[in-house]
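Bear in mind that the values in this text are calculations on the coordinates, not laboratory data. Since the model is a prediction, treat every value here as computed from it, not as a measurement. Every residue, glycine as well, gets a Cβ built from its backbone with ideal geometry; the counts of neighbours run over all protein chains shown.
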Amino acid sequence: MAKKPLARIYKAPAFKDLPIPEYATPESAGVDLYAAVEMPVVVAPHTWRLISTGIRVALPSGYEAQIRPRSGLALKYGVTLLNAPGTIDADYRGIVGVILMNHGEDTFTVRRGDRIAQMVVLPVAQIDFEEVTYLRPTKRGDGGFGSTGIGFSDDDITDTLKSDKEE
């Protein structure tokens with residue numbers, strides 16, 4: 001079996017009692033992230049709060065970590081992540097934060113040690129970009145935002161996108 005890449009975790013001293021991320025099962029894609037809060041944090045309905053995990057992570061070069069919602073929180077409470085997935089770059093060394101969004105009708109309380117998100121580590125590719133004056137046409141063309149399913153019309157495009165089409 002090939003050796004797994006290694007991510008280094010630094011825990012803030014005030015949160016040494018919290019577990020470091022680890023896979024729950026041999027086939028798990030993500031690891032749980034825990035709330036590193038001193039006191040309970042209330043997330044009112046239809047609002048969001050930045051919750052610390054109390055950890056800093058050093059990923060190997062060529063990898064990123066995606067911060068994703070926990071399906072149980074979404075199903076039971078309507079709580080998800082405001083920017084899903086969040087991205088942790090390999091060169092980021094700050095504390096990992098999770099922006100919890102409460103779409104539910106009831107308040108949601110985050111307590112120390114609660115599992116609030118999951119982190120999935122993936123390889124990334126960096127590519128070069130070149131500005132051109134023409135792009136090769138495709139069968140799909142500029143269809144997006146549901147154009148291959150529900151339907152979409154030029155009337156649905158925001159002014160920003162319309163100005164590009166009008167050129």
### Query
List the trypsin sites (Lys or Arg not before Pro) in region 82-150 that DSSP assigns to loop (not H, G, I, E or B) and whose Cβ has at most 14 other Cβ atoms within 10 Å. Which are they?
Arg93, Arg111, Lys139, Arg140
### Residues listed by number, region 85-105, amide nitrogen under 19 Å from Tyr10 label point at 7 Å toward C-beta
88-98
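About the Cα centre of the chain, what is the dipole size in debye to 20, counting +1 per Lys and Arg Cβ and -1 per Asp and Glu Cβ, all else neutral? Write down the numbers at each step before the final one.
On the way: 19 positive and 22 negative charges, 226 e Å.
Here the size comes out at about 1080 debye.
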